[in-house]
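*Asks:* I'd like to ask you about the structure that follows.
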Amino acid sequence: MKSALTLLGILYSSLLISQTQDYKDIYTKIDKELSIGNLNLEKGKIYINKDVNVKNNHRYLFNDATFISNIKHNKQIYYNNNVKYDIFQNILIVNPSNQSKRLFVELSKNEVESFTIENKNFVLIELPNNENWYCEENLISSSFTFYIKYQKKKKEIISDNVIKPFYTEEVSFFLKKQGKISQIDSKKSIVNQFPELKTEINDFYKMNNHLLKDEKIKFMENLIFKIKSLQK
């Protein structure tokens, strides 16, 4: 009864909130007051990682810390979840509320449509090799969408007289145009997508070639943004 009255109080107070305030603050407050958290996200199987890592090396996106994430799960959005994205196995894991920070639950790819990490939106897409992967939805224009795929590959090394996994990150780029997703991994593949901008693309490569080796993501982001700005 107390929880119900609390809920009514929150809902009533929400009516007094400015229309410009984000509704996610209201939903987050309701969950907190009822002490239920995002229960629908906490029903998966326990995530187990047995890695004994080399220092500062891991299988996750960006770093080994948790990130605050909004998750679209079965067409419903859940706000302010503590997550990690395992880019070796392509698994999103969540730390359930009021649980040990070491406990994580795997979320099914069949149920998670998208999630955010560090203000980046990740969506599940089917790649040209028929693989389903969470990719960063980096740029959306009226005629195409540009995606970045993050993945880590594993090999074993000997460190401190112990065999340990060692992960290296690989990044690849995809374009969705006219409903078809294609990988863009070379200047030729990009020109094939935008033949009318061949001269401008060649010029961009000449002027920014220094970025290709060490800052490939920045290079591609700048190139795709340039292409978007040139389209009529």
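Just so you know, all these numbers are worked out from the coordinates, no wet-lab data involved. Model, not experiment: these values are computed from the prediction. Methodologically, a virtual Cβ is constructed for each residue, glycine included, from the backbone with ideal geometry; neighbour enumeration extends over all protein chains shown.
*Asks:* Over the Cα atoms of segment 93-142, what radius of gyration and what Dmax do you get, in Å?
*Replies:* In order Rg, Dmax, the Cα atoms of segment 93-142 give 13.7, 44 Å.
*Asks:* Can I ask one more? ³J(HN,Hα) across segment 132-149 via Karplus (A = 6.51, B = -1.76, C = 1.60, θ = phi - 60°), whole Hz, x for Gly/Pro?
*Replies:* My calculation for segment 132-149 gives 8, 9, 6, 10, 5, 7, 7, 8, 10, 10, 5, 10, 7, 10, 9, 10, 10, 9 Hz in order.
*Asks:* If we sort 129-139, 198-208 on the protection proxy, mean other Cβ atoms within 10 Å, highest first, what's the order? Before the final figure, lay out each step's value.
*Replies:* Working: 129-139: 15.8, 198-208: 13.5.
Taking the mean over residues of other Cβ atoms within 10 Å, the ranking is 129-139, 198-208.
*Asks:* Check which residues have an amide H placed less than 5 Å from Ile184's amide H, if you skip close sequence neighbours.
*Replies:* Phe173, Phe174, Leu175
*Asks:* Given Lys45/Lys120; Lys149/Lys180; Lys45/Lys109; Lys155/Lys213, which pairs have Cα atoms separated by over 18 Å? Walk me through the numbers before you get to the answer.
*Replies:* Working: Lys45/Lys120 26 Å; Lys149/Lys180 16 Å; Lys45/Lys109 13 Å; Lys155/Lys213 23 Å.
Exceeds cut-off: Lys45/Lys120; Lys155/Lys213.
*Asks:* Convert 10 °C to kelvin, take the viscosity as 1.306 mPa s, use the Kirkwood radius over C-alpha pairs of segment 57-200 as Rh, and evaluate the Stokes-Einstein diffusion coefficient in µm²/s, rounded to a whole number. Before the final figure, lay out the partial values.
*Replies:* Details: Rh = 16.9 Å.
After rounding, the answer is 94 µm²/s.
*Asks:* Restricting to Cα pairs below 8 Å that are 6+ residues apart, what does the relative contact order work out to for segment 113-232? Please round to a whole percent.
*Replies:* On the way: 157 pairs, mean separation 18.4, N = 120.
Relative contact order comes out at 15 percent.
*Asks:* I need the phi-derived Karplus couplings for segment 217-231: 6.51 cos²θ - 1.76 cosθ + 1.60, θ = phi - 60°, integer Hz, Gly and Pro marked x.
*Replies:* 4, 4, 4, 5, 4, 5, 5, 5, 4, 4, 4, 4, 5, 8, 6
*Asks:* How much length is gained if the chain between Glu131 and Lys109 is pulled fully straight, taking 0.36 nm per residue apart and subtracting their Cα-Cα distance, in nm to one decimal? Walk me through the numbers on the way to the answer.
*Replies:* Working: separation 22, 0.36 × 22 = 7.92 nm, distance 1.18 nm.
Gain on stretching Glu131 to Lys109: 6.7 nm.
*Asks:* Between Gln99 and Asn161, what is the FRET efficiency for a Förster distance of 41 Å, r being their Cβ-Cβ separation, to the nearest 0.05? It would help to have the intermediate numbers written out before the result.
*Replies:* Details: r = 35 Å, r/R0 = 0.85.
Working from the Cβ atoms, E equals 0.70.
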